[in-house]
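Participant: Take this structure first; my questions come after.
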Amino acid sequence: MSSYQVRPATLRDAKAIAQIHTSSALEAYRGIVPDDQLKAMSSVEKRQAYWREAIEYSEPQVQVAIDGDKIVGFVGFDRSRDEKSRQTTGEIWAIYAAPTHWDQGVGVALWDAARDGLAEEGCTNVTCWVPLRNERALRFHESAGFKREMTTAKTNVIGGVKIEEVRLKRPLN
């Protein structure tokens with residue numbers, strides 16, 4: 001059981017979400033994406049605009065983890081964006097904790113909230129896409145019961161760098 005409270009994000013939360021997304025991605029992708037590319041990808045303003053729109057239109061649904069009165073993580077989830085996926089398949093679009101709060105239960109609290117939200121939407125399975133070189137994210141998802149679907153491996157270009165990703169999947173219950 002986590003000591004973090006999780007609640008739906010509000011438009012006022014967009015900046016904090018963007019800051020966490022940026023700082024966490026910079027830390028997570030250091031050594032995977034070249035430093036100059038990381039810097040180019042680290043626009044808090046662009047991410048803030050993206051997350052404001054996501055919150056406003058609930059696509060994806062966004063929830064935040066709170067420590068006291070400070071946002072320390074967020075999760076975005078909705079139906080799967082994968083072609084040919086069933087209507088009952090949900091997807092974790094993004095899940096990030098502030099690097100200062102890694103390994104402290106924030107991710108678990110966010111995953112629990114996303115699982116509950118997806119179940120309310122009628123989903124029976126959930127997927128997520130994770131870069132194969134992001135060992136921290138792979139460990140987190142696998143400890144939450146996700147299994148790699150190696151036949152789904154694909155290459156995405158992120159900030160001009162080719163990144164191999166794999167889909168992970170698990171039943172919601």
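Participant: Could you grab me the full set of residues in segment 139-173 that are among the acidic types (Asp, Glu) and closer than 26 Å to Ala119 by Cβ?
Facilitator: Of everything in segment 139-173, those that are among the acidic types (Asp, Glu) and closer than 26 Å to Ala119 by Cβ turn out to be Glu142, Glu149, Glu165.
Participant: Which numbered condition in (1) buried (at least 21 other Cβ atoms within 10 Å of the Cβ); (2) within 23 Å of Lys162 (Cβ to Cβ) is the only one that Val64 fails?
Facilitator: It is condition (2) that Val64 fails.
Participant: Take Ala94 and decide whether it is touching a residue at least 60 places away in the same chain (Cβ under 8 Å), in contact with a helix residue (DSSP H, G or I) (Cβ under 9 Å, 6 or more places away or on another chain) and among the small types (Gly, Ala, Ser).
Facilitator: Yes: the conditions hold for Ala94.
Participant: I'm trying to understand the selection: among the residues of segment 1-26, which are assigned to a helix (DSSP H, G or I) and farther than 14 Å from Gly73 by Cα?
Facilitator: Within segment 1-26, Leu11, Arg12, Leu26 meet the criteria.
Participant: Could I ask something else about it? Can we say Ala65 is within 18 Å of Asp13 (Cα to Cα) and assigned to a strand (DSSP E or B)?
Facilitator: When the stated conditions are applied, Ala65 passes them.
Participant: Quick test for you: out of Ala114, Ala137, pick the one residue that is under 15 Å from the mean Cα position of the chain (by Cα), more than 15 Å from Ala25 (Cβ to Cβ) and either outside any strand (DSSP E or B) or among the aliphatic types (A, V, I, L, M) (or both).
Facilitator: When all the criteria are applied, what remains is Ala114.
Participant: Would you check if there is a residue in segment 40-47 being assigned to a strand (DSSP E or B) and charged (D, E, K, R)?
Facilitator: No, the conditions are met nowhere in segment 40-47.
Participant: Only one residue in Arg7, Arg86 is surrounded by fewer than 21 Cβ atoms within 10 Å (Cβ to Cβ), under 17 Å from the mean Cα position of the chain (by Cα), closer than 21 Å to Asp116 by Cα and not aromatic (Phe, Trp, Tyr), so which one is that?
Facilitator: The conditions single out Arg7.
Participant: Only one of Thr127, Thr100 is free of Cβ contacts under 8 Å to residues at least 60 places away in the same chain, of a type in the set (Ser, Thr, Tyr) and part of a helix (DSSP H, G or I). Can you tell me which?
Facilitator: Answer to the selection: Thr100.
Participant: To continue, here is another question. Looking only at segment 27-39, filter to residues that are part of a helix (DSSP H, G or I) and touching a residue at least 24 places away in the same chain (Cβ under 8 Å); which one of those is nearest to the chain's Cα centre (by Cα)?
Facilitator: Ranking the qualifying residues of segment 27-39, first place goes to Ala28.
Participant: Right, next: The conditions are (1) more than 18 Å from Ala119 (Cα to Cα); (2) crowded, with 21+ Cβ neighbours inside 10 Å; (3) in contact with a strand residue (DSSP E or B) (Cβ under 8 Å, 6 or more places away or on another chain), and Ala14 fails exactly one of them. Which is it?
Facilitator: That leaves (3) as the condition not met.
Only the coordinates and a few stated rules stand behind these numbers; no lab work does. As the structure is a prediction and not an experimental result, all values here were calculated from the model. Counting neighbours? That spans all protein chains shown, and the Cβs are built from the backbone with ideal geometry, glycine included.
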